[in-house]
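Visitor: Input: one structure, supplied below.
The values are calculated or read from the model by the stated rules, or taken from the named source; none is laboratory data. Remember, predicted model here, so these are calculated numbers, not experimental data. Virtual Cβ from ideal backbone geometry, glycine too; neighbours counted across all protein chains shown. Note: accessible area is taken over every heavy atom of the protein model, side chains too, but ligands, DNA and RNA are not part of it. Shrake-Rupley method; radii C 1.70, N 1.55, O 1.52, S 1.80 Å.
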Amino acid sequence: MSEENKLLAKSIVENVGGKENIAILENCMTRVRLTVKDMSKTKVEAIKALEGVFGVVEVNNSVQVIVGPGKSSKVAQQITDLTGIKRGVVEEAILLKEANKAKNNTPVKNAMKKIANIFIPILPAFIACGLMVAIFESSYVAMPGFQDTSIGKIMGTFAYSVFTILPIIVGYNTCKEYGGSPIIGAVLAGILTSGSLAGATLFGINIVPGRGGVISVLIVAALAAVLEKKIRKFMPEFLDMFMTPLLTISIMTLVGLLIFQPLGGFISESIGAFVSYIIYKVPALAGLATLVYLPLVMTGMHHGLIAVNAQLIADFGVTYLLPVTCMAGAGQVGAAFAVYLKTKNIRLKKVIKNALPVGMLGIGEPLMWGCTIPLGRPFIASCIGGAIGGSAMALMRVAAKVPELSGIPLAFITTNIPLYFVGLGISYLCGFVICNLMGFDDPQE
């Protein structure tokens, strides 16, 4: 396996124009990400044809090679060994210059990318604590009084810990992402959510601790980062260390309590009311959210929903939206399996065979870029099949206790495990049937 990864790494480097053309080397869960200096030297089609590559995504000056979970870090390490380029070394000037010129460098996409960068580092804690929530709640249902025991109290503390400090983490990450001092974001989050504010009024406005949750914190912390940088420009150096943080926190506390907490509260309450209306009044339409989810994944904008799901959990203890939208990935699993059974293309069969297990675990990019998007109609079938499963999930009123997870693993952190699997099965089946009905053009070897 190491020789295979070494050969793949060497081929990738050659086809992006050699190590001299690589500005940045990174990897995420499924992709090796290379930011190149001159895109014209990159042979994208040659990279797509490499053994072990599920697909290639071009974003601005970035070549993102999809190789699957686990393998991405190994291939990236082989590239580091081969070229001497360390992961995480960024030539900011090249990256920013090219990104600003790119056609799809839009404010909305940039905002979604920043939200993703704020929440993605928290995902391991969401998953760990979410699984503990499932274990803890199952324990005290099976053994009444368990939550009052010493072990029960420790488990309960573990289970809900990340949700307790979530505004602080979001404030920290937001300020960091927007170029401010992270600790200022954490302090502002602590102020906005402090129980000590209960009963306080300001200019006739009643202060409600934590109103607007992570949405208010996101807005206030992002603006605090902008304000901090502006203050620092005119602040004398000998005053900067203590006056800049003092002014930033003081101003944003006042503005946050008077304007952005009420605004964040209105936004979060409106989202909650809309989702509740759909789930309880017209659940059959919930699949519309699933229908557009895979196109959002294509652009990376789906990460923006993490904040929405996190706020729904903060307000209601669960989110009905996540089980609905994640059925899009299940529809894709069904459609890809239909392609696997029909295609005569040996390479495509191998790609699907390797990508199906991780797709069932909720990581859909290998199937998306290696199978459904290149073939066209299977992608449409995935969206429609997932939409039917999403509506079924809403009709069954299955909710999740974490803001981000998908596939089979999410089942164990939902309010109804058996019904979640029913919805998953419906999505698999509908994706499979619709793909068979729509057909596809089988690619030549």
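Visitor: One quarter of the convex hull surface, Cα atoms only: what value does that give for the chain in nm²? Walk me through the numbers on the way to the answer.
Guide: Numbers: hull surface 101.4 nm².
Across all orientations, the chain yields a mean hull projection of 25.3 nm².
Visitor: Would you pull out the residues with amide H under 5 Å of Phe54's amide H, same chain only if 5 or more places away, H placed 1.01 Å from N?
Guide: Amide H neighbours of Phe54, under 5 Å, 5+ apart: Ile66, Val67.
Visitor: Using mean Cβ contacts within 10 Å as the protection proxy, how do 131-137, 79-85 order, highest first? Kindly include the intermediate steps, with their values, before the conclusion.
Guide: Values: 131-137: 18.1, 79-85: 15.7.
Sorting 131-137, 79-85 by mean packing, highest first, produces 131-137, 79-85.
Visitor: Name the residue from Ala189, Ser270, Phe234 whose Cα lies farthest towards the positive end of the charge dipole of the range 187-272, charges +1 on Cβ of Lys and Arg and -1 on Cβ of Asp and Glu.
Guide: Value: Phe234.
Visitor: Hey, which of these cross-link pairs are over 20 Å Cα-Cα: Lys10/Lys43; Lys113/Lys350; Lys71/Lys350; Lys113/Lys401; Lys19/Lys74?
Guide: On the way: Lys10/Lys43 14 Å; Lys113/Lys350 32 Å; Lys71/Lys350 16 Å; Lys113/Lys401 24 Å; Lys19/Lys74 18 Å.
Flagged as over cut-off: Lys113/Lys350; Lys113/Lys401.
Visitor: Rounded to the nearest 0.05, what FRET efficiency do Glu269 and Ala142 have when you use their Cβ-Cβ distance and R0 = 41 Å?
Guide: On the way: r = 35 Å, r/R0 = 0.86.
Plugging the Cβ-Cβ distance into 1/(1 + (r/R0)^6) gives 0.70.
Visitor: Given the Cα-Cα distance of Val422 and Ile165 and 0.36 nm per residue of separation, how much length would full extension add, in nm? Walk me through the numbers before you get to the answer.
Guide: On the way: separation 257, 0.36 × 257 = 92.52 nm, distance 3.38 nm.
Extra length available between Val422 and Ile165 comes to 89.1 nm.
Visitor: If you take the beta carbon distance between Lys41 and Tyr280 as r and set R0 to 60 Å, what does 1/(1 + (r/R0)^6) give as a FRET efficiency, to the nearest 0.05? Show your work: numbers first, answer last.
Guide: Numbers: r = 56 Å, r/R0 = 0.93.
Computed FRET efficiency for Lys41 and Tyr280: 0.60.
Visitor: Assuming R0 = 45 Å, what is the FRET efficiency of Met243 and Ile120, from their Cβ-Cβ distance, to the nearest 0.05?
Guide: Efficiency for this residue pair is about 0.85.
Visitor: Here's another thing I want to ask about it. Roughly how many nanometres apart are two label points built 7 Å out from the Cα toward the Cβ at Thr83 and Ala198?
Guide: The answer from the label model is 5.6 nm.
Visitor: Please compute the length gained on full extension between Ile259 and Ile408, using 0.36 nm multiplied by the number of residues separating them and subtracting their Cα-Cα distance.
Guide: Details: separation 149, 0.36 × 149 = 53.64 nm, distance 4.12 nm.
Result for the pair: 49.5 nm of gain on full extension.
Visitor: Using per-residue counts of other Cβ atoms within 10 Å, averaged over each peptide, order 323-334, 202-213, 272-283 from highest down.
Guide: Working: 323-334: 30.7, 202-213: 16.1, 272-283: 14.4.
By packing density, highest mean first, the sequence is 323-334, 202-213, 272-283.
Visitor: In 5 Å bins starting at zero, report the fraction of Cα pairs in the range 213-369 per bin as a rounded %.
Guide: Distribution as computed: 2, 8, 13, 13, 12, 11, 10, 9, 8, 6, 5, 3, 2, 1, 0 percent.
Visitor: What is the distance in Å between the Cα centres of the range 368-391 and the range 192-232?
Guide: Between the Cα centres of the range 368-391 and the range 192-232 lies a distance of 42 Å.
Visitor: Order the peptides 169-175, 187-193 from the highest to the lowest mean number of other Cβ atoms within 10 Å of their residues. List each step's numbers first, then the result.
Guide: Values: 169-175: 26.3, 187-193: 22.9.
Descending mean neighbour count gives 169-175, 187-193.
Visitor: Heavy atoms only, probe 1.4 angstrom, no DNA, RNA or ligands counted: give me Leu257, Leu305 ranked by accessible area, highest first. Intermediate results must be reported in sequence, preceding the final value.
Guide: On the way: Leu257 15, Leu305 45 Å².
Solvent-accessible surface, decreasing: Leu305, Leu257.
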